[in-house]
Amino acid sequence: MRRPNGMIIYKTDAEVALMKEAALLVSKTLAEVAKVLKPGMTTMQIDTLCARFVRDHKAIPSFLNYHGYPHNVCASVNDVVVHGFPNNVELKEGDVVSIDMGAILNGWHGDHAYTFILGEVSEEILQLVKATKESLYKGIEQAIVGNRVGDISFAIQDYTEKKRGYGVVRELVGHGLGRSLHEDPQVPNYGKRGNGVKMKENLVLAIEPMINLGTKDVFTDEDGWTVRTRDGKTSVHFEHDVCVKKNKALVLSDYGIIEAAEKANPNLNTSYF
Ligand code: MF3
Ligand code: CO
């Protein structure tokens, strides 16, 4: 969604604490996915599992019906960048699967994503997954008081596109997060240092690099949602919910529990860790 950077809603410490609960619930949901994901499973089964887990924890899946989105999760496999519909196709060895989940807990949104590798993939794909995850942390390092949103954008683009030659998707961006799924400001994964709004304490952002092995160019399927790479090459997506603080951003979501589950699952490839 493209909107001008208008009103930014800063959160109180109490609100940030509530948002951490929402973000953590999404992390736990993605950890449940990490426990069971394997070739032969379908993304529709993942959708069902995630929706049930969120509802069992007194929260509401937030993507369902959002601007008409027809599912609970976005399941984006291989050349799908983001907003892939869950379907009944069996996942196979070598698939690269991004699961993006949103939940509303006590009125606050958690929204984050993780990319899983099923079994053996090329070294090229492993490096893409590794660099995309690392670029997210490069962006997070910049989410501190006094920096500008462009500092986050630059850090991600520099790490992926300038240093490694990957394609940074331009059409979709990260965003503010709060009582709404998408708040100001937009957080592009490309940009210039020193550009954009200056960040103050307790701005909560969803930072979400979408990085392509080949061209940055994408297109949207006839379903109106599924975003794919133009060249059909693999795309990777990681997303964290982050609160701007003075010296170091506070990451509200938790990859630690997802990674632990991933490592314990022999069907998932964690050799790039
Ligand atoms: N993390 C994605 C985003 O911020 C989630 C899309 S939600 C959907 O855009 F409902 F639009 F799919
Ligand atoms: Co998001």
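Before moving on, here are some points about what is shown:
- Listed by number, the DSSP H helices of the chain that run 30 Å or longer by alpha-carbon position along their axis and have mean Kyte hydropathy of at least 0.5 are 13-36.
- Among the GluC sites (Glu not before Pro) within region 178-231, those in coil by DSSP and having at most 11 neighbouring Cβ atoms inside 10 Å are Glu222.
- Cα centroid of region 1-73 to Cα centroid of region 179-198, whole Å: 21 Å
- Rg [Å, one decimal], Dmax [Å, integer] - region 30-95, C-alpha atoms: 12.0, 35
- Considering region 47-156 at the alpha-carbon level, its Rg and Dmax are found to be 16.1, 47 Å.
- Kirkwood hydrodynamic radius computed over the chain comes to 18.2 Å, based on all pairs of distinct alpha carbons.
- Charge-dipole axis of the chain as Lys and Arg at +1 and Asp and Glu at -1 on Cβ define it, positive-most pick from Leu181, Val97, Phe219: Leu181
- Loop-located trypsin sites (Lys or Arg not before Pro) in region 1-106 (DSSP state not H, G, I, E or B) with no more than 13 neighbouring Cβ atoms inside 10 Å: Arg2, Lys58, Lys92.
- The chain, accessible area per residue, ligands and nucleic acids excluded (1.4 Å, Å²): 41 Å²
- Gaussian network model of the chain, Cα within-10 Å springs - most flexible of Gly40, Gly84, Gly196: Gly40
- Over 31 Å apart at the Cα level, from the set Lys92/Lys245; Lys163/Lys198; Lys58/Lys130; Lys163/Lys245; Lys11/Lys163, are Lys92/Lys245; Lys58/Lys130; Lys11/Lys163.
- Dipole moment magnitude, nearest 20 debye, the chain about Cα centre, only Lys, Arg, Asp, Glu C-beta charged: 880 debye
- Taking the empirical scaling 2.2 N^0.38 Å for compact globular proteins as reference, region 116-166 has a Cα radius of gyration ratio of 1.32.
- Note on the chain: GNM, Cα springs under 10 Å; of Ala260, Ala51, Ala59, the largest mean-square fluctuation is that of Ala260.
- Contour minus Cα-Cα distance for Ile257 and Asp13 (0.36 nm per residue): 85.4 nm
- Taking one quarter of the surface of the convex hull spanned by the alpha-carbon atoms of region 1-69 gives a direction-averaged projected area of 6.7 nm².
- Extreme residue, positive dipole direction of region 1-131, given options Cys50, His112, Gly6 (C-beta unit charges): Gly6
- Per the Cα gyration tensor, region 146-209 maps to an equivalent ellipsoid with semi-axes of 21, 14, 8 Å, ordered largest to smallest.
The values are calculated or read from the model by the stated rules, or taken from the named source; none is laboratory data. On a predicted model such as this, the values are computed, not experimentally measured, just so you know. Positions of Cβ are backbone-derived with ideal geometry, glycine not excepted, and every protein chain shown enters the neighbour counts. Areas reflect the complete protein model, heavy atoms only, side chains present, ligands, DNA and RNA absent. Shrake-Rupley method; radii C 1.70, N 1.55, O 1.52, S 1.80 Å.
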